[in-house]
Amino acid sequence: MCKQDQMDKKLVSKTVPPGGDPDRTNGITRRIFLRRSLAAGAVAGAAASGLFPFIQTIDVAYGAEPFRFAWISDTHLYPRTLNTRFVEKAERAVNDVKAMKPAPDFMIFGGDLAQLGDPVELQLGADILKGIRVKKYYIPGEHDWYLDMGAAWEKLFGKPNWTFDHKGVRFIGLDTISRGPDYWSVKKMSPQERMGHMATLDGSVAGPWAGVGKDQLDWLGRTLSDWPKDKPVILFSHNPLYEYYPPWNFWIRDWQEVQEALKPYSNVTNIHGHTHQVLYNEIGRMRSIGMLATSWTWPYAPTGVPKLTTPLVRVDPGDHFDGVGWGNLAVTAAGKVNYEYMMWRKDVFATTKVDSGTGDNDNQILHPRIADLP
Amino acid sequence: MKKKTLLSLAAPAASLGLIAFIVFGATPGMAHKAKHTPEQLKAFEEVFMEQVKIGDLLFHGDAATEKKMGTKLSRTGMACAMCHPFASDNHPYEFPKFQEQINKFSTLRDMINWCIEKPNEGEKLDPDSDAMKALEAYIYWANRGSKLDPGRH
């Protein structure tokens, strides 16, 4: 085990309280998880070869009728008076989706519309997205929620989890953000302080906030109970539904329970936001696709990057349109899902180590921050 | 956001004074440096870690620390940590090197200032300022144990 792995393991054990709530336990190491995903990853030959096509194709059997949908997420809007760059990029993604020919059947917004959950930010996002005329579905991100615990978001967008069937596919939107542990009451935090900690990706105060929760897990089971086991299911979530890097909540803490619930279904695809980077993984029979943000890219975590991921090319921090974008997804009649990273540059994937978002970090060892510790 | 009480700007100087006392004691004319005591090492570390904490808070956009230090590191709402969680992808161990964004041979301090001025649209720091040293302390500390590889792109 390398030094970074050992440190991260220690950190995970600090992040995840032992015992008690089964939602918050995590008995499996990242290494076991990677082996398991690799063993199950027989269909990922193209991914493992390192030669990703710009459009990635994965099997989803029984797609009855071809259709297309669009994904936008992680706009992280501040009020327009503070930051116009994020507004420009969200508007660019919206204009791109509007220009799709043929038009997509629907659009999914994958969370983190706002940066600090401010109703002004959420309303700005809703106004920008109004330009898209097709049916829109929304799931929340943590940045949308923890100022008023979802009040403004729910008023604008309704329930945070939902399901619908479309042309032979069951779509499910999950809420992976609203069931965080209460870190604010004892410390008598203001709503702004609560939001501030939640908005700090590498902070430790908000703890392992990402999860589906027992109640929603039961709902997921009920939602799937009448669906044939071999028909396609596409799950949308803000967080990835596996353990990538818990210190940044690049996971859900109850991912094992979710995987267990999905086990009987042979064609499950999860599409998620939050990680702001190109990601691909397979857990059991579930494929997982991480989508781009429109706002900025996160670096790859120091450990846990799925072996099946071909990393994003290193982007130019001087160009705020670099490394960001939206997603164009199609379910074909032949039973395939095509997904395309609509990044505003020619090269999406790294082809050499020096230009790779992960290959560049061989010498890097990282340590968590300390200034927010009690 | 809960914060530890920060030492004032004068505190590092006061701490250094304390260290000088511990090292040289009451006999400044001593010819040879005395062996290090545990108290002395603790004092050295405290001086360093205080700077790391200040740097950590600046790096994470803490408004109170910015005010105290008199800095304006961003005008976009972006803080350093929003692109560099755990100070990742800062690569402090690669400097000095040719930095293509700046188009010249650069130090980590040059790159910190580039990030403040360009992506963050803030006000660049005096390279020898307390704020710059604190940021540098945090970035190096968060990357401790990384392999030195100066000049690597």
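The values are calculated or read from the model by the stated rules, or taken from the named source; none is laboratory data. In this text, all values refer to a predicted model and were calculated from it rather than measured experimentally. Heads up, the Cβs are rebuilt from the backbone with ideal geometry, glycines too, and the neighbour counts pull from every protein chain shown.
Figures for the structure shown
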{"item": "Filtered residues of the range A:164-212 (kept if acidic (Asp, Glu) and within 14 Å of another protein chain (Cβ to nearest Cβ))", "result": "A:Glu193, A:Asp202"}
{"item": "Residue match in the range B:66-78 (condition: more than 24 Å from A:Pro302 (Cα to Cα), crowded, with 18+ Cβ neighbours inside 10 Å and polar (S, T, N, Q))", "result": "yes"}
{"item": "Positions within the range A:244-266 being crowded, with 24+ Cβ neighbours inside 10 Å and either free of Cβ contacts under 8 Å to residues at least 12 places away in the same chain or in a loop (DSSP other than H, G, I, E, B) (or both), in sequence order", "result": "A:Tyr244, A:Asn249, A:Trp251, A:Ile252, A:Arg253, A:Asp254"}
{"item": "Boolean, B:Gly61 is in contact with a Phe, Trp or Tyr (Cβ under 8 Å, 6 or more places away or on another chain), buried (at least 17 other Cβ atoms within 10 Å of the Cβ) and either modelled with pLDDT under 95 or not β-branched (Val, Ile, Thr) (or both)", "result": "no"}
{"item": "Segments classed as helices (runs of 4 or more DSSP H), wholly inside the range B:59-153, with at least 3 members that are under 27 Å from A:His197 (Cβ atoms) and more than 12 Å from every other protein chain (Cβ to nearest Cβ)", "result": "B:63-69, B:130-142"}
{"item": "Residue in the range A:236-248 that is within 14 Å of chain B (Cβ to nearest Cβ), in contact with a strand residue (DSSP E or B) (Cβ under 7 Å, 6 or more places away or on another chain) and closer than 21 Å to A:Ser288 by Cα present", "result": "yes"}
{"item": "Matching option when the condition is under 30 Å from A:Met189 (Cβ atoms) and either modelled with pLDDT under 95 or in contact with a helix residue (DSSP H, G or I) (Cβ under 6 Å, 6 or more places away or on another chain) (or both), among B:Met49, B:Met69", "result": "B:Met69"}
{"item": "Test: A:Pro79 is part of a loop (DSSP other than H, G, I, E, B) and away from chain B (no Cβ under 14 Å)", "result": "no"}
{"item": "Residue that is over 28 Å from A:Gly196 (Cα atoms) and either touching a strand residue (DSSP E or B) at 6+ places or on another chain (Cβ under 6 Å) or part of a loop (DSSP other than H, G, I, E, B) (or both), where the choices are A:Ala333, A:Ala293, A:Ala371, A:Ala301", "result": "A:Ala333"}
{"item": "Test: residue in the range A:323-341 that is under 30 Å from B:Asp62 (Cβ atoms) and within 12 Å of another protein chain (Cβ to nearest Cβ)", "result": "yes"}
{"item": "Number of positions in the range A:277-302 that are within 14 Å of chain B (Cβ to nearest Cβ) and under 23 Å from A:Phe171 (Cβ atoms)", "result": "1"}
